[in-house]
Amino acid sequence: MPLVSDRYQCFTFTNVVAADQFVRRFDVLLDHPEVLHHAVLFRSTGDAALAPSYECAGSPPETLYTYTWAPGEDALQFPDGGLRIRPADRYILQLHYNNSRNLPDIRDRSGVRLSVGPVAGTEYGMVAIGPVGFAIPARSEQRVASGCTLAPGTRILASMPHMHEIGRGYEQVLLRGGQRTPIITLTHWQFESQYFYDLPVTLQAGDRIETACTFNNTTSRTVTNGSSTSDEMCFG
């Protein structure tokens with residue numbers, strides 16, 4: 001893929017399990033990490049026919065996040081229980097490639113391994129929260145933020161901050177009764193070091209989660225929110 005700067009390739013999987021199971025652990029299998037920007041496993045909620053492998057852009061329609069990997073991240077293992085997977089579920093693995101260095105003769109076989117077990121213990125889910133639709137003008141620094149409310153009693157096990165190349169700072173804050181309690185604060189963002197942070201937080205009625213990113217756009221163009229490596233994102 002020497003002439004490809006950004007390519008999103010999706011792979012469809014069905015009949016993953018014969019009975020309900022819990023995914024206890026996710027491992028990414030890296031073949032060529034020098035060109036792999038991210039790997040995302042989605043659960044399809046639609047019934048449209050999908051090819052076993054097809055080129056895709058952004059998040060596939062009618063899907064929910066199941067697992068996300070970005071450079072620097074290790075395996076994700078639940079302390080108890082796991083994430084439910086059903087026989088009727090259809091999954092889409094999206095691999096985002098970026099070969100801006102024009103490395104020749106790259107043939108990648110990266111993927112994700114699911115370690116499954118019986119349905120027992122806590123059942124978990126995945127959600128992505130953060131601002132969208134923003135733009136950072138050329139040669140400027142800007143902070144973008146948004147807040148969301150989750151159901152009372154929701155327990156946040158871990159969070160993985162995500163930005164791209166002009167990200168500088170990241171902050172996720174718990175807003176409760178007029179108080180701001182930091183959940184995650186990163187002051188020197190590095191694209192190659194993206195991790196899940198262990199932070200058990202149980203939400204109460206009226207709680208909000210605010211997610212904010214600071215960007216420093218030193219380029220001569222406006223950088224907008226989008227899925228390409230040259231675009232920007234801000235979410236956990």
The lone condition GLN142 fails out of (1) in contact (Cβ under 8 Å) with a residue 60 or more places away in the chain; (2) open to solvent by less than 60 Å² (accessible area, probe 1.4 Å); (3) closer than 29 Å to GLY82 by Cβ is (3)
Reported set for segment 130-145 where residues are on the phi < 0 side of the Ramachandran plot and more than 17 Å from the chain's Cα centre (by Cα) is PHE134, ALA135, ILE136, PRO137, ALA138, SER140, GLU141, GLN142, ARG143, VAL144, ALA145
Residues in segment 178-189 that are surrounded by 13 or more Cβ atoms within 10 Å (Cβ to Cβ) and among the β-branched types (Val, Ile, Thr) total 2
Within segment 151-177, the count of residues that are open to solvent by less than 70 Å² (accessible area, probe 1.4 Å) and under 18 Å from the mean Cα position of the chain (by Cα) comes to 15
Of (1) touching a Phe, Trp or Tyr at 6+ places or on another chain (Cβ under 9 Å); (2) closer than 22 Å to MET160 by Cα; (3) small (Gly, Ala, Ser), SER140 satisfies every one except (2)
Flagged pairs (Cβ under 6 angstrom, 6 or more apart or on separate chains; first in segment 150-174, part of a strand (DSSP E or B); second polar (S, T, N, Q)) are ARG155/THR202; ARG168/THR214; ARG168/ASN216; GLY169/THR187; GLY169/THR214; GLU171/THR185; GLN172/THR211; LEU174/THR181
Practice problem: Go through the residues of segment 76-83 one by one and say whether even a single one is of a type in the set (Phe, Trp, Tyr) and either within 18 Å of PHE191 (Cα to Cα) or in contact with a Ser or Thr (Cβ under 6 Å, 6 or more places away or on another chain) (or both). | Solution: no
Considering segment 219-236, residues that are open to solvent by 40 Å² or more (accessible area, probe 1.4 Å) and of a type in the set (Gly, Ala, Ser), and then whichever is modelled with the highest pLDDT, we arrive at SER220
Those residues of segment 190-203 that are more than 20 Å from PRO131 (Cα to Cα), open to solvent by 70 Å² or more (accessible area, probe 1.4 Å) and not in a strand (DSSP E or B) come to a total of 1
Picking from ASP105, ASP80, ASP74, ASP89, the residue that is touching a residue at least 12 places away in the same chain (Cβ under 8 Å), among the charged types (D, E, K, R) and open to solvent by less than 30 Å² (accessible area, probe 1.4 Å) would be ASP89
_Among the residues that make up segment 204-218, is at least one of them open to solvent by less than 30 Å² (accessible area, probe 1.4 Å), modelled with pLDDT of 90 or more, outside any loop (DSSP other than H, G, I, E, B) and among the aliphatic types (A, V, I, L, M)?_
yes
Cβ pairs under 6 Å, 6+ apart or interchain, first in segment 54-65 and without any contact (Cβ under 8 Å) to a residue 24 or more places away in the chain, second among the small types (Gly, Ala, Ser) and open to solvent by less than 30 Å² (accessible area, probe 1.4 Å), ordered by first then second residue, are GLU62/GLY46
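The values are calculated or read from the model by the stated rules, or taken from the named source; none is laboratory data. Since the structure is predicted, the reported quantities are computational estimates derived from the model, not experimental observations. Note that each Cβ is placed from the backbone with ideal geometry, even for glycine, and that neighbours are counted across all protein chains shown. In case anyone asks, the SASA skips ligands and DNA or RNA and just uses the protein heavy atoms, side chains included. Shrake-Rupley method; radii C 1.70, N 1.55, O 1.52, S 1.80 Å.
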